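Participant: Handing you a structure now.
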Amino acid sequence: MSFAASYASDLQATLSGLDLAKVDQAIQWFQETRDAGGAIYLCGNGGSAASVSHIACDIVKGCSYQKDKKFRVMALTDNLATITAYANDVGYSEVFVEPLRNFAKPGDLVVAVSGSGNSPNVVKALEYARTVPCRTIAMTGRDGGKLAPLGDLNLHVPNPHMGRIEDAHMMMLHMIAYAFMDGAAR
């Protein structure tokens, strides 16, 4: 079997182990947050930062353009100046929690993505979000790490391979966005 075929086979097995009822719950929470006028904040590091930035774009444009109901979504990863200012002057563990302190309100939704579940800045963001209180979604891999129990909902990928974790996270994020783009969710 080729490497590509082996990777695809392993990814299919990973995807078959996802709890899709939890993804449906996340879709409902996105809808409820939007309908109540709340905001949705997303954060993650590395590949997860790219994933949350990507899905924020999909939701702000694809799920809102020419629609009566608009999403208020912010990827906390997208303001490089703010991230580097906090990282340099305060500490990298503060780069997501400090913007949340400025913006998050009760009833908002915070989505934190970490393949290991142990990224200190992502963990700290969800710890704070729970005190606001915001609804929280953790997206984790491996054993879930410290992040998993902080999510009111944990979209978990029980796999040790970071590539497959990130692939599955992106697919779940696309399921959420495309539920609105394709009209399954209103």
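Taken together, the values in this text are just the output of simple stated rules run on the coordinates, not laboratory data. In this text the structure is predicted, and so the values were computed from the model without any measurement. Note that we place each Cβ from the backbone using ideal geometry, even for glycine, and neighbour counts take in every protein chain shown.
Participant: Once you put a point 7 Å from the Cα of residue 57 and another 7 Å from the Cα of residue 1, both along the Cβ direction, what distance in nm separates them?
Facilitator: Output for this residue pair reads 3.3 nm.
Participant: Take each of the peptides 18-25, 64-71, average the number of other beta-carbon atoms within 10 Å over its residues, and list them starting from the highest.
Facilitator: 18-25, 64-71
Participant: Another question, then. Most fluctuating residue of 49, 148, 129 in a GNM of the chain with Cα springs under 10 Å: which is it?
Facilitator: Comparing 49, 148, 129 in a Gaussian network model of the chain, the most mobile one is 49.
Participant: Who wins for biggest fluctuation among 167, 152, 58 in a Gaussian network model of the chain, springs between alpha carbons below 10 Å?
Facilitator: 152
Participant: How high is the FRET efficiency between residue 8 and residue 186 when r is their beta carbon distance and R₀ equals 35 Å, given to the nearest 0.05?
Facilitator: It comes to 0.55.
Participant: Pulled fully out, how much extra length does the chain show between residue 131 and residue 90, if you take 0.36 nm times their separation in residues and subtract their Cα-Cα distance?
Facilitator: So the chain would gain 12.6 nm between residue 131 and residue 90.
Participant: Using 15 Å as the cut-off for backbone N distance, which residues of the range 122-161 belong to the label zone defined by a point 7 Å from the Cα of residue 105 along Cα→Cβ?
Facilitator: 132-135
Participant: When the helix-only estimate is applied to the chain (DSSP H runs of n ≥ 4, each -39,500 (n - 2.57), divided by the residue count), what is the mean residue ellipticity at 222 nm, nearest 500 deg cm²/dmol?
Facilitator: -15500 deg cm²/dmol
Participant: Related question: Taking only Cα atoms and a 10 Å spring cutoff, compute GNM fluctuations for the chain and point out the largest among 115, 38, 46.
Facilitator: The residue with the greatest mean-square fluctuation here is 46.
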